[in-house]
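Read through the structure below, which is laid out as structure tokens, and then see the notes.
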Amino acid sequence: MHRQSDFVVYLGDLVTANNLPIPNASLYWDRAISASRSRGVPWATVFGNHDDMPFEWPPEWFSPDGVPPLRCPASPPPSTPDSGCSFRGTPRTDLMAAETGANSRLSYSSSGPRELWPGVSNYVLQVLSRRRRTRAGDDHDPALLMYFLDSGGGSYTEVVSSAQVKWFHSQSQFLNPNGRIPELIFWHIPSTAYVKVGPKAKSEIRKPCVGSINKEEVAPQAAEWGIMDALAKRPSVKAVFVGHNHGLDWCCPYQELWLCFARHTGYGGYGGWPKGARIIEVTEDPFSAVSWIRMENGSRHSHVTLSS
Ligand SMILES: [Zn+2]
């Protein structure tokens, strides 16, 4: 028997929302996260490049059925077709509002501060210590901090911006000034550091890297504006987890932390590689963080210790 997870992180590219109006996009989003919802498991999401891909004209709109009606603001009634009317689909902000709106008891996602826009999925979750529950007042530090960053893509550049780096500095200084609390980082698109430390595309995965598939080139962010330096300077940061590349599932060390790919889990998107998920197991007293891949058929591989 497999133990149920306590928490799920969806690492982005769940839907292609910008070509869909909000009722459809939120319906598909809801279906994508229904595996955890139906089991009562809480979750958090970050956005990938596909969730907010630029609008594309579907070829069938040029068939005899023609272009569907424009969506127009309710009031005032538009006098010309361009007064606020569009084929606009669902951007990040609408998707996040839909997820965190009604019936969101299990969602721990949130929209980050406005100054980080167009990035939206920027927030921190604090995992409370068990000690706090058993010996009230004894220790009020959380046991773990989980940072979620929007690595862009879709309607804007694939990047973790300089503003996000500043935000990370201020959050980590505020929540964890002495670095006593271990920290894990989640975003969608690998940073350029993944290219530097990863095995050459399609080559064997050799130690110190750990993984089972290395079938394509790392497709990194467009630029590096300091987030990797900021992370590497904090011994409390143990690992970064990304999605994006379906044909990669390795972890490699980068200075004192680990850079990990998850494993393609959903049924959409490119690549026919067997599906799986990256599991992270964290314990406190003493702290440890280990990870492995669990495949859809229940087998496990690529065990790695992130906390040594
Ligand atoms: Zn992606």
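The values are calculated or read from the model by the stated rules, or taken from the named source; none is laboratory data. Just so it is clear, the model here is predicted, and its values are computed rather than measured. Backbone-built Cβ (ideal geometry, glycine too); neighbour counts: all protein chains shown.
Values for this structure:
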quantity	calculated
Every pair of residues 6+ apart whose Cβ atoms lie under 6 Å, when the first sits in the stretch 246-274 and is of a type in the set (V, I, T) while the second is surrounded by fewer than 24 Cβ atoms within 10 Å (Cβ to Cβ) and in a loop (DSSP other than H, G, I, E, B)	T265/K275
Sole exception among (1) surrounded by fewer than 18 Cβ atoms within 10 Å (Cβ to Cβ); (2) over 22 Å from P118 (Cα atoms) for I33, by number	(1)
Residue among E224, E216, E256, E183 that alone is of a type in the set (D, E) and touching a Gly at 6+ places or on another chain (Cβ under 7 Å)	E216
Test: residue in the stretch 240-255 that is touching a Lys or Arg at 6+ places or on another chain (Cβ under 6 Å) and either of a type in the set (K, R) or buried (at least 20 other Cβ atoms within 10 Å of the Cβ) (or both)	yes
Test result for S151, of a type in the set (G, A, S), closer than 25 Å to F7 by Cα, surrounded by 13 or more Cβ atoms within 10 Å (Cβ to Cβ) and within 16 Å of the ligand (Cβ to nearest atom)	yes
Filter result for S212 (more than 16 Å from the ligand (Cβ to nearest atom) and surrounded by 14 or more Cβ atoms within 10 Å (Cβ to Cβ))	yes
Meets criteria (within 16 Å of the ligand (Cβ to nearest atom) and surrounded by 15 or more Cβ atoms within 10 Å (Cβ to Cβ)) for G268	no
Among the candidates E56, E99, residue that is closer than 30 Å to Q164 by Cβ, at pLDDT 85 or above and acidic (D, E)	E99
Given (1) in a loop (DSSP other than H, G, I, E, B); (2) of a type outside the set (D, E); (3) more than 21 Å from V8 (Cβ to Cβ); (4) within 16 Å of the ligand (Cβ to nearest atom), index of the condition R206 fails	(4)
Qualifying residue in the stretch 222-236 (condition: surrounded by 14 or more Cβ atoms within 10 Å (Cβ to Cβ) and within 24 Å of G276 (Cα to Cα))	no
Where a residue in the stretch 176-197 is closer than 21 Å to R278 by Cβ and within 16 Å of the ligand (Cβ to nearest atom) and its partner, wherever it lies, is among the hydroxyl-bearing types (S, T, Y) and assigned to a loop (DSSP other than H, G, I, E, B), with Cβ under 7 Å and at least six apart	W187/S151; H188/S151; I189/S151
Test: residue in the stretch 215-233 that is polar (S, T, N, Q) and in contact with a strand residue (DSSP E or B) (Cβ under 9 Å, 6 or more places away or on another chain)	no
All positions within the stretch 38-51 that are surrounded by fewer than 19 Cβ atoms within 10 Å (Cβ to Cβ) and either over 28 Å from Q221 (Cα atoms) or within 13 Å of the ligand (Cβ to nearest atom) (or both)	S38, R39, G40, V41, P42
All positions within the stretch 8-43 that are touching a residue at least 60 places away in the same chain (Cβ under 8 Å), within 17 Å of I279 (Cα to Cα) and outside any helix (DSSP H, G or I)	V9, L11, G12, I33, V41, P42, W43
Breaking point among (1) polar (S, T, N, Q); (2) within 16 Å of the ligand (Cβ to nearest atom); (3) modelled with pLDDT of 90 or more, for T16	(3)
